[in-house]
């Protein structure tokens, strides 16, 4: 992994000089999450870039935030076309940022994507429903909760991990019991919540607001990858995104017990193979 210092930090994985793929991590999440693509990226000649977006000044919100991310991506790409991958709520940020970089995007991949809450009765089926409800109805209390999570990430990241994965479903349950996965996610949680609470909170607050109308602007080839047993982003969200995004050309629902993170793990090799052949 290479850490690159710019006006906005980013992490690089995979090939040193390959086809550029921009990865939008989840929320909670951090650039370290993108390490999942490192080996497959090297094999398929793909250079994965992940912006440290939670470090962006929290006073920069909404469209200004998306424009800033798009400008950073354009600067890093130096005129080259990029592909975009968004995971979970990172898919929402990817969709918003994409609107300001349409001429330079080859394809868009939404993995375990979270759809607009106003488009369906999803909340009761979502593992994070209490967080989203609080972010919608009491933003100040939501920020306090996020700072508490930050304190927990600092004092006992394993306790925060257990709290977040208490409702894990399907193959996410097996992942949650895996020590390597626990260590990786604990590192991500620390990077997310320690020093970056307001950046994380910005993404959640923006997500719970209305954004259905922006999907009509997405005309690039879009691929949806989703787990049939996902209880973080219910499968109905994938169905909605498929119907609402004009450029959607492929929706793959992984059957069996694939859930949220397990869908990401399953999608990595197939996604990289697809991009490597493009």
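The values are calculated or read from the model by the stated rules, or taken from the named source; none is laboratory data. None of the values given here were measured: they were computed from a predicted structure. Cβ atoms come from the backbone with ideal geometry, glycine included; neighbour counts cover every protein chain shown.
Okay, here's what the table says:
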{"quantity": "Residue check, residue 242 in a helix (DSSP H, G or I) and either more than 18 Å from the chain's Cα centre (by Cα) or at positive phi (or both)", "calculated": "no"}
{"quantity": "Candidate set: region 132-142, residues that are surrounded by fewer than 19 Cβ atoms within 10 Å (Cβ to Cβ) and touching a residue at least 40 places away in the same chain (Cβ under 8 Å); chosen: the one farthest from the chain's Cα centre (by Cα)", "calculated": "139"}
{"quantity": "Selection status of residue 183, in contact with a strand residue (DSSP E or B) (Cβ under 6 Å, 6 or more places away or on another chain) and either buried (at least 22 other Cβ atoms within 10 Å of the Cβ) or part of a helix (DSSP H, G or I) (or both)", "calculated": "no"}
{"quantity": "Of the criteria (1) surrounded by fewer than 16 Cβ atoms within 10 Å (Cβ to Cβ); (2) on the phi < 0 side of the Ramachandran plot, which one residue 92 fails", "calculated": "(1)"}
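Quick grid of which residues meet (1) modelled with pLDDT of 95 or more; (2) closer than 23 Å to residue 50 by Cα; (3) surrounded by fewer than 22 Cβ atoms within 10 Å (Cβ to Cβ):
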residue	(1), (2), (3)
200	yes, yes, no
210	yes, no, yes
230	yes, no, no
234	yes, no, no
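Condition check ((1) out of contact with any helix residue (DSSP H, G or I) (no Cβ under 7 Å at 6 or more places or on another chain); (2) without any contact (Cβ under 8 Å) to a residue 12 or more places away in the chain; (3) within 19 Å of residue 67 (Cβ to Cβ); (4) in a helix (DSSP H, G or I)) across all residues:
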{"site": "83", "(1), (2), (3), (4)": "no, no, no, no"}
{"site": "92", "(1), (2), (3), (4)": "no, no, yes, yes"}
{"site": "96", "(1), (2), (3), (4)": "no, no, yes, yes"}
{"site": "108", "(1), (2), (3), (4)": "no, no, yes, no"}
{"site": "113", "(1), (2), (3), (4)": "no, no, no, no"}
